[in-house]
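Engineer: Take this structure first; my questions come after.
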Amino acid sequence: YMAVSYNPKKLLEHELSCPICLELYTNPVYLPCGHNYCLACINATDASSGEKSLPRCPECREEYSGTETLHKNFKLCGIIEGYRAIALVENLGREPLEVRCDHCLDTETLAIKTCLKCEMSLCTLLQRAAEDQGTSDAVRDKLMSTAVALMDSMAGLVSRYRDRMSLLLEEEREVVTGTVARVLSKEPLNTKRLQDSLRMNDFRAEMGQLLQALIVQLNPLELTFNITTAHPSLLLSNDLRTVKYIGIKQASTDNPERFSTAPQVLCSQSFTSGEHIWVVEVGDQSMWSVGLCYKSVPRRGDHSRLGHNPVSWRLQWKNKKLTACHASSNMALVEKTNQPLRVEVALDYEGGILIFHSTKGCREHLHTFRAVFREPVYPAFSIHSTTAHFPVCPSINLEVPLLLTNPINICKLFQ
């Protein structure tokens, strides 16, 4: 008798091989009968069968409606990728098989994670974008849930005092006369005693605190530009909510807070805690920087530019390129054919997260900074001259709007 060796690995490889090409499945699809084939193999079989009758399964000969009706077997794809990765490690001593990102179709970008449910693989950029999207949504959800909780507390406070008032009114209006019956008193209502019993001062204090907290939550700050910080080439409106880049330096007072090198301006308001969201709308063909900084940011010299020092963080659109910069570490982001026209900035002070999203049309993550904020942070902006980059026409105003909201109030920047 001849001994027959049992090799589980070979048996598994046989089960994961296409019955037509006898190789490991490539883009496997499954037929209604349950059999699997490589997409290219079953396409070739379908083409050779002609158009006179429906194609049949090469194994069981059951008819099916055509390859255009077949679906990819994602589960089988995942098993094959895992098998190939293990085979490489065991036989070649190499790293596991490189899995490509399913979304980056133009470039072969390596995936870092694969969903076990849908078998979708994502690269580093898309994985971070998904995580940052969740963080930004969490900030929004927390803002709204806190506001709802405050309104619930206000309603509960009113309800408690209303019930107490009803009880006290009954006690105040009723008086027992003699020993026969209870009758309504003809005397006027003693409002002073009623107010003392209700503790109206406490009610006003509690309601005032809740109302103030709700106002801060829904509209944390009235964002306005700080005129003492504005570069001389920036023109501010009377309400300090509009800024224009005029290209020439205006006469200005000598102020140590004023930016003298870069055309930058800060808001007067700062954040020292909590979660905050504001939106910047930028005009077409403009160049700009949006970010945060400490009050200690330098005001002159190249190191005063946003992002070119350790006390500022900025996102910049310049020369049709999007970059992020902190502590002079400039990072080029994904190339974009069109500039972001509406940028949402979400800050989680305690969490140390600063997130930028493009929200014009389709919402898209742009960049996330992670830091430990130790001082008050100020919204910061820079507007760059663009007159050399497109023609000057008499009918075209080159002063392009840049708009800021927080998230209800609106102020404007113009270039």
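Engineer: Just to be sure before I move on: is A251 of a type in the set (A, V, I, L, M, F, W, C), within 18 Å of K295 (Cβ to Cβ) and part of a loop (DSSP other than H, G, I, E, B) in the structure I sent?
Structural biologist: no
Engineer: Looking only at segment 317-369, count every residue that is among the charged types (D, E, K, R) and either part of a strand (DSSP E or B) or in contact with a helix residue (DSSP H, G or I) (Cβ under 6 Å, 6 or more places away or on another chain) (or both) and tell me the total.
Structural biologist: Number satisfying all stated conditions: 6.
Engineer: With respect to E63, is the statement that it is among the charged types (D, E, K, R) and at pLDDT 85 or above true?
Structural biologist: Answer is yes for this residue.
Engineer: Just checking, how many residues over segment 323-354 are open to solvent by less than 70 Å² (accessible area, probe 1.4 Å) and more than 26 Å from F271 (Cα to Cα)?
Structural biologist: 3
Engineer: If you don't mind, another one. Which residue is surrounded by the fewest Cβ atoms within 10 Å (Cβ to Cβ), if the candidates are limited to segment 300-316 and must be part of a loop (DSSP other than H, G, I, E, B) and touching a strand residue (DSSP E or B) at 6+ places or on another chain (Cβ under 9 Å)?
Structural biologist: Filtering segment 300-316 for residues part of a loop (DSSP other than H, G, I, E, B) gives 300-301, 305-311.
Then drop every residue that is not touching a strand residue (DSSP E or B) at 6+ places or on another chain (Cβ under 9 Å), which leaves 305-311.
Details: R305: 22, L306: 26, G307: 24, H308: 20, N309: 20, P310: 14, V311: 17.
My answer is P310.
The values are calculated or read from the model by the stated rules, or taken from the named source; none is laboratory data. Just so you know, these numbers come straight off a predicted model, no measurement behind them. Glycine gets a Cβ as well: all are built from the backbone with ideal geometry, and neighbour counts include every protein chain shown. For accessibility, only protein heavy atoms count, side chains too; no ligands or nucleic acids. Shrake-Rupley method; radii C 1.70, N 1.55, O 1.52, S 1.80 Å.
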